[in-house]
Amino acid sequence: MKANLTPPTRITHVDINSYFATLLQQENPALRGKPIGVLKSAGRTCIIAASKEAKTFGVKTGSYLKEALQLAPHLITVPAEFDRYLDCTRRLKQIFVELSPDVHIFSLDEAFIDITHCQHIYPDAQAFGRLVQERIKQELGEWVTCSVGISHNRLLAKLASEITRPDSIFEITEQNKDAILAKVGFKDMCGVGRRLEEKLKLLGITHPYELNFWTEAELRPTFGPFWAPELKRIGAGENSHLLSLLDKQESQPMKSVGRTITGYQLCDSELHIRQTLYNLTEELIYKVRKMKMAGRHVGISLWGEEQSWYAHRTLQYHVRQTRELFKLLYNDLYQSWHRTFKVIKFGVFLSDLEFVDDLTPTLIPEWHRQERVSQAIDAVTAKYGLFSIKPASLIGFKMIRPEVTGFLGDKKYYGL
Amino acid sequence: MYQRINEVVEVVGSYTGRGFTPKRFKWQNNIYDIDQITLKNDARDGGRHLRFYSVIVKGNAYRLRFDRDEEKWLLEEVWYEG
């Protein structure tokens, strides 16, 4: 009888504990052991990350500052340092790829490391987890800890790191899987958001394991043809479709680029709205041009206190110049709408991206003239930084600079 | 809170197998001997390469910034309690 030579799948999920706050505490010993709330920038009122100590008081991501201070009166607030987080994530990736060739950076502070084909080097997955923890401390500092989850698929590996204590290692096996799925809530399951959780609760389903008592046909009327089978997979502890797509996404170029910004206060100034949209468009085009791409689906979104507005258009051609995109977004889409509310959040996107080399060049002379100007600006930007050159309409406007998001939606742009 | 300073400083250090390690800096005619480097990170602004060192001097935290292209050191921020 031929021996089964396929090694058992072993996937680890590494999750740096309270990443943003932990790095600030690593940097400044005066902050260690204290409740820290990280704000996007000084003056903001929403906590985007909380230290382990702040979490014990009930402070969490998304808490308003006022509520957080009621929960933890000694809370220290510190502005985020996104450049630092991005650089540290790059260094983390370097550590991981030295340990295994199968690494997927899932977000700024999480990664999947597949050691299925490295088991001759790491026969003990728990020992591998300790090695990862040690290497992270050596590289980033003794205060930086992580939780490591181990299992035979990404869903369960991530669940394992989610439910274990900070700075610990936990494995979900075939033996303990069902008991764990019967105990955890949906908030611990990757891919299940609050709205889905509420819908499940209306059906009386509060733990993933309970999904095994429902058929796909019974779930479909409430959850539709995608989520019904997906929930069944989650209930059985199988890899979700979304997580299994990560390998495919790895080899594919970016399909869209977007940028949103929330203002400090509601805005009713047409000038400010115009300037903000231009700023965001400039950043969008900078990224698209850097990747040598162009897109043909353009969109704009604006949010007020309780209202929102959204418009988009698919073009017959691709765009990759700031003025061209801004004209579409502002002159064509925005100005065709009569604004009825003050704006707090702005968003622009460009999708259906293709590489420029794969596109048929245009014959329009004006476009080529603008392209030469754009290329000259690209050269100055490459040397002196983004917004070294800006239009007269933005003089006096406090430029909104690029920032990396926690879930790394544009990680390909950052080379992660 | 961190207080922004952004003043040019003079830095002395050593090159080892792991790159440059700042040992002390001079700010406003005072010498600061670095007790510990707690974090180091790189950033780019266009073509400018920047390296940041978070250092501790007598229990207080400072952020130094080195512009690798202009070879200039800046004391970027100092931590103030309260």
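The values are calculated or read from the model by the stated rules, or taken from the named source; none is laboratory data. Bear in mind that the values here come from a model prediction, so they are computed numbers and not experimental data. Glycine also receives a Cβ, built like all others from the backbone with ideal geometry; neighbour counts cover every protein chain displayed. We work out accessible area using only protein heavy atoms, side chains counted, and drop any ligands, DNA or RNA first. Shrake-Rupley method; radii C 1.70, N 1.55, O 1.52, S 1.80 Å.
Some observations on this one:
- Yes/no for B:E81 being at the interface with chain A (Cβ under 8 Å from one of its Cβ atoms), exposed (fewer than 14 other Cβ atoms within 10 Å of the Cβ) and among the charged types (D, E, K, R): yes
- Hits in the range A:24-64 - residues which are among the β-branched types (V, I, T), part of a loop (DSSP other than H, G, I, E, B) and modelled with pLDDT of 90 or more: A:T56, A:V59
- Selection of the range A:17-43 for residues being more than 14 Å from chain B (Cβ to nearest Cβ) and on the phi < 0 side of the Ramachandran plot yields A:N17, A:P35, A:K40.
- Identity of the residue in the range A:10-30, open to solvent by less than 10 Å² (accessible area, probe 1.4 Å) and of a type outside the set (A, V, I, L, M), that ends up nearest to A:C88 (Cα to Cα): A:Y19
- In the range B:33-62, residue modelled with the lowest pLDDT [restricted to those that are over 21 Å from A:P79 (Cβ atoms) and within 11 Å of chain A (Cβ to nearest Cβ)]: B:G46
- Restricting A:Y264, A:Y278 to residues that are aromatic (F, W, Y) and either over 23 Å from the mean Cα position of the chain (by Cα) or open to solvent by less than 50 Å² (accessible area, probe 1.4 Å) (or both) narrows the list to A:Y278.
Residues checked against (1) under 24 Å from the mean Cα position of the chain (by Cα); (2) within 14 Å of chain B (Cβ to nearest Cβ); (3) over 23 Å from A:A236 (Cα atoms); (4) touching a residue at least 60 places away in the same chain (Cβ under 8 Å):
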{"site": "A:F112", "(1), (2), (3), (4)": "yes, no, no, yes"}
{"site": "A:H120", "(1), (2), (3), (4)": "no, no, yes, no"}
{"site": "A:Q126", "(1), (2), (3), (4)": "no, no, yes, no"}
{"site": "A:T145", "(1), (2), (3), (4)": "yes, no, yes, yes"}
{"site": "A:E171", "(1), (2), (3), (4)": "no, no, no, no"}
{"site": "A:K177", "(1), (2), (3), (4)": "no, no, no, yes"}
{"site": "A:K187", "(1), (2), (3), (4)": "yes, no, no, no"}
{"site": "A:R195", "(1), (2), (3), (4)": "yes, no, no, no"}
{"site": "A:H207", "(1), (2), (3), (4)": "no, no, no, no"}
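- Looking only at the range A:369-395, and only at residues there that are open to solvent by less than 80 Å² (accessible area, probe 1.4 Å), over 27 Å from A:Y334 (Cβ atoms) and in a helix (DSSP H, G or I), the one that is nearest to the other protein chains (Cβ to nearest Cβ): A:A382
- Residue-level analysis places B:R65 outside the set of residues that are facing another protein chain (nearest Cβ under 10 Å), open to solvent by 30 Å² or more (accessible area, probe 1.4 Å), of a type outside the set (D, E) and part of a strand (DSSP E or B).
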